[in-house]
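Trainee: I have a structure I would like to understand better, so I am pasting it below and will then ask my questions one at a time.
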Amino acid sequence: MKSVVLLAMLTAACAVGTYGRDPGGGGGDAGSAGAKAKPDASSAPANAPPQDQCGHSLCSTGDLLDEGCDSPGCTIVICDPGYLGDVYCCDQGWDQQCIDEVDELCAPYSCD
């Protein structure tokens, strides 16, 4: 019975797509939704994923990133519901949790 309740809680949390974040917008220092920061690759670690068409480095917090803006596809793996599905990163803002997911899911790239 406990596993059924836990499964229901996880399903509800994942459906929201906030992954433990404050749905009221407390996702870090992300800017306004839809706004794009100017590219700043200078703050990215040496082994960071290529920034390509993203508004900022995948290793920096900031405004949301468009799914698919990077050539390795890290934003697709992180944001697309068919993969991890943390849509917060591409709908609300790129916070520390998104950066942590780059480290976990985008090998050989890393933000460390």
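Trainee: Which of the residues that make up the stretch 93-112 are surrounded by fewer than 16 Cβ atoms within 10 Å (Cβ to Cβ) and touching a residue at least 12 places away in the same chain (Cβ under 8 Å)?
Mentor: Correct list: GLN96, LEU105, PRO108, SER110, ASP112.
Trainee: While we're looking at this one, here's another question. State whether the residues of the stretch 91-98 include one that is in contact with a strand residue (DSSP E or B) (Cβ under 6 Å, 6 or more places away or on another chain), under 16 Å from CYS54 (Cα atoms), at pLDDT 95 or above and not small (Gly, Ala, Ser).
Mentor: Yes, that holds for at least one residue.
Trainee: Could you count how many residues in the stretch 48-106 are among the aliphatic types (A, V, I, L, M), part of a loop (DSSP other than H, G, I, E, B) and under 12 Å from the mean Cα position of the chain (by Cα)?
Mentor: 5
Trainee: Considering (1) modelled with pLDDT of 95 or more; (2) touching a His at 6+ places or on another chain (Cβ under 9 Å), say which one TYR88 fails and leave the rest.
Mentor: So the condition that TYR88 fails would be (2).
Trainee: Output the residues belonging to the stretch 61-92 that are polar (S, T, N, Q), closer than 18 Å to ASP103 by Cβ and surrounded by 19 or more Cβ atoms within 10 Å (Cβ to Cβ).
Mentor: Residue satisfying the conditions is THR75 alone.
The values are calculated or read from the model by the stated rules, or taken from the named source; none is laboratory data. Note that the coordinates shown come from a computational prediction; the quantities given were computed from them, not determined experimentally. Note: ideal-geometry Cβ built from the backbone for every residue, glycine included; neighbour counts use all protein chains shown.
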